[in-house]
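Here's the structure we're looking at; comments come further down.
The values are calculated or read from the model by the stated rules, or taken from the named source; none is laboratory data. The structure presented is a predicted model; accordingly, all values stated were derived computationally and were not measured. Here Cβ is always computed from backbone atoms with ideal geometry, including for glycine, and neighbour counts include all displayed protein chains. These accessible areas exclude ligands, DNA and RNA; they are computed on the full protein's heavy atoms, side chains included. Shrake-Rupley method; radii C 1.70, N 1.55, O 1.52, S 1.80 Å.
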Amino acid sequence: MSLFRVKTTECRVGVVGHSNAGKTVLLTSLINHLEHHDPDRFRLGDGSVRIRKFTALKPDAGWSAFHYPGFRDALVHRGKWPEKTRDRSQYACQFERSDWTFSDALLKMYDLPGERFADAAMVGRSFAEWSDHILAFIANDTPYRTCCQPFLNTLSEKPEETTLLTAYKLALANLILAYKPFISPSTFLLDTSGSVAKSSDASVMAATRLAGLELGAEFTPLSAELRQKYPELTAVFAARFERYRIEVVLPFLEALWSCHSLIVLVDIQMVLAAGVGMYDDNRQILRDLFQVLDPGESRFGYLRRNLGKVFLPHAWRPGWITRIAFVAPKMDLVHPMDRDHLESLLKRLIGKLAEDRDGLQARYFNCAAVVSARKLPVGEERVLVGIPYRDAEGRRIAPGAEQRFLVSALPADWPHDWKPGDYIFPEVYPAVPNRKDCPPDQINLDRILDFVLD
Ligand SMILES: Nc1nc2c(ncn2[C@@H]2O[C@H](COP(=O)(O)OP(=O)(O)OP(=O)(O)O)[C@@H](O)[C@H]2O)c(=O)[nH]1
Ligand SMILES: [Mg+2]
């Protein structure tokens, strides 16, 4: 630390969003830009700001390290996107910003598997309240109701534990195969040892996966009627739910509660490609998450936090989420003539969540963490160029030569209805320079960092 930098400003940033939204890629590119900062390619503040003395630190006790070197290496040398995240991890680093005269920055960032967000509704709810919440969601949504029908039928019969579990697991398997993201308990989809449900057969998935922590610790939601009729079974499921909440859900959310800022990713292209149901599911999951994280603050909270910043050692300073960057990622997969629409679609989808919170500063960004598709200098409308990642049947293919491909036009506002497949945004292989000190091209990642660090 230089002579004048008398304090360290700690900033904890959580990156949240559904599975495959781009959280790990965003963090990898961000760290790469901080480590090898080039003000011409990553503009902070007025554009003249420089990052100096970047040092990677060990993560806090109890946290595994975000595997930045491995992700960066795989992107460059094997042309591979990072593996999907299977457990929570933290990346910590310290650096100086040329525009922060008296303080250097200690930045801690959290990467979490997207599947766990579906469990957020378990926090602050009893087993009975969670059951009512889940069952109301299923009852009021036709595709969810259809996938869960065998389970709903079982609820109206005289239930046995095994019958209920089998039927609920079959319902969860149907939801996975219908690309529905609201899978809770989420261990059914991604268990605590990191194994992911993969079978294309619902009954195989139901027979091999667990709706809970382990065998003998599984549970399902129970209707009010069943809870009243069968108090013993209810007590067993409630105890298992409680254990699951303590061992799986709370450690996951604990990281986010300690954050000052969040980066919330919503993959707009995926929502468009997956059909109207995905729009509602994303809103529901984010609404549940906001309810438990409770971002924003009162004037008293503001005073307390700022006094804490001045007087307390940084490890003791209170965290409170007061800034949220809502981000539409992968904007390189959208044709430049539609990119402004990305931001307005994002605002429409989740803006209300932020508007309803006092003391919360929210801003909306579109972003490409690793620009991997580009427009031709001259050419047809909505044609991009990149290395295709899948063939026409959706199977992963080996990286080959660059090709032209068509992307859908983005609507100016959300349509009233649309079907899976109405919009197409093909995936591409990452384009990352081989030189280790040359981070990938990015768009707006610098503006996002500026906002969350402010
Ligand atoms: N073209 C392009 N594709 C991206 C970009 N960021 C992410 N992707 C694509 O999105 C996929 C998922 O990105 P991840 O960062 O692994 O997603 P995640 O949110 O960490 O997902 P989980 O680990 O499952 O929670 C990648 O494999 C890429 O195909 C980007 O900036 N540009
Ligand atoms: Mg990830």
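Think of the chain as having a plus end and a minus end, set by charges on the Cβ of Lys, Arg, Asp and Glu; of 239, 90, 372, 90 sits farthest toward the positive end of this dipole.
Could you tell me which of rounded, prolate or oblate describes the range 117-251, using a ≥ b ≥ c as the square roots of the eigenvalues of the alpha-carbon gyration tensor, with rounded for a/c under 1.5 and, failing that, prolate when a/b is larger than b/c and oblate otherwise? Each step should come with its number before you reach the end.
Values: a/c = 1.37, a/b = 1.10, b/c = 1.24.
Rounded is the answer for the range 117-251, as its axis ratio a/c remains below 1.5.
Reducing the range 234-298 and the range 115-151 to their Cα centroids gives an inter-centroid distance of 13 Å. Averaging the sequence gap over all C-alpha pairs within less than 8 Å and six or more residues apart, then dividing by the number of residues, gives the range 185-226 a relative contact order of 37 percent. A DSSP coil position with no more than 15 other Cβ atoms inside 10 Å describes the following GluC sites (Glu not before Pro) in the range 129-220: 157, 160, 214. Helix 231-244 and the longest principal axis of the Cα set of the chain meet at an angle near 20°.
Convex hull volume of the C-alpha atoms in the chain, normalised per residue: 154 Å³. Basic side chains Lys and Arg get +1 at the Cβ, acidic Asp and Glu get -1 at the Cβ, and with that the dipole of the chain about its Cα centre reaches some 1040 debye. Tilt of helix 276-293 relative to the longest C-alpha principal axis of the chain, in degrees (0 to 90, nearest 10)? The helix 276-293 is inclined about 80 degrees to the chain. I'd like the distance separating the alpha-carbon centroids of the range 180-211 and the range 62-76, in whole Å. Their Cα centres are 25 Å away from one another. In the chain, the DSSP beta bridges split such that about 45 percent are antiparallel, to the nearest 5. Overall, the accessible surface of the chain at a probe of 1.4 angstrom is composed of carbon and sulfur to the extent of 54 percent.
With each run of n ≥ 4 DSSP H residues scored as -39500 (n - 2.57), what mean residue ellipticity at 222 nm is computed for the chain after dividing by its residue count and rounding to the nearest 500 deg cm²/dmol? The partial results should precede the final answer.
Numbers: 14 runs with 166 residues, N = 454.
My calculation for the chain gives -11500 deg cm²/dmol from helical runs alone.
Suppose the chain between residue 404 and residue 87 were pulled fully straight at 0.36 nm per residue; how much longer would it get relative to their current alpha carbon spacing? Present the calculation step by step, with values, prior to reporting the outcome.
Details: separation 317, 0.36 × 317 = 114.12 nm, distance 3.62 nm.
Gain on extension, residue 404 to residue 87, equals 110.5 nm.
With Cα atoms as the point set, the radius of gyration and Dmax of the range 215-290 evaluate to 17.2, 46 Å. Contact order, relative form, for the chain: 18 percent (alpha carbon pairs under 8 Å, 6 or more residues apart, mean separation divided by residue count).
Computed packing ranks the peptides 245-256, 374-385 as 245-256, 374-385, most packed first, by mean other Cβ atoms within 10 Å. Working from Cα positions, state the angle (0 to 90°, nearest 10) between the long axis of helix 23-35 and the longest principal axis of the chain. For 23-35 against the chain, the angle is about 20 degrees. Could you pull out every one of the lysines with an alpha carbon less than 26 Å from that of residue 58, ignoring same-chain neighbours closer than 8 positions? Hits, sequence-local ones excluded: 7, 23, 80, 84, 108, 309, 436. Shown here is the pair-distance distribution of the range 334-453: with all Cα-Cα distances grouped in 5 Å bins from zero up to the longest one, the shares run 2, 9, 14, 18, 19, 16, 11, 7, 3, 1, 0 percent.
Give, as ranges by residue number, the residues of the range 422-454 whose backbone N falls under 11 Å from the point 7 Å along Cα→Cβ of residue 361. Counting only backbone N, you get 450-454. So, in Å, what gap is there between the alpha-carbon centers of the range 356-423 and the range 324-339? For the range 356-423 versus the range 324-339, the Cα centre distance is 8 Å.
Give me the extension gain from residue 80 to residue 390: residue separation times 0.36 nm, minus the current Cα-Cα distance, reported in nm with one decimal. Walk me through the numbers on the way to the answer.
Numbers: separation 310, 0.36 × 310 = 111.60 nm, distance 1.30 nm.
Full-extension gain reported as 110.3 nm.
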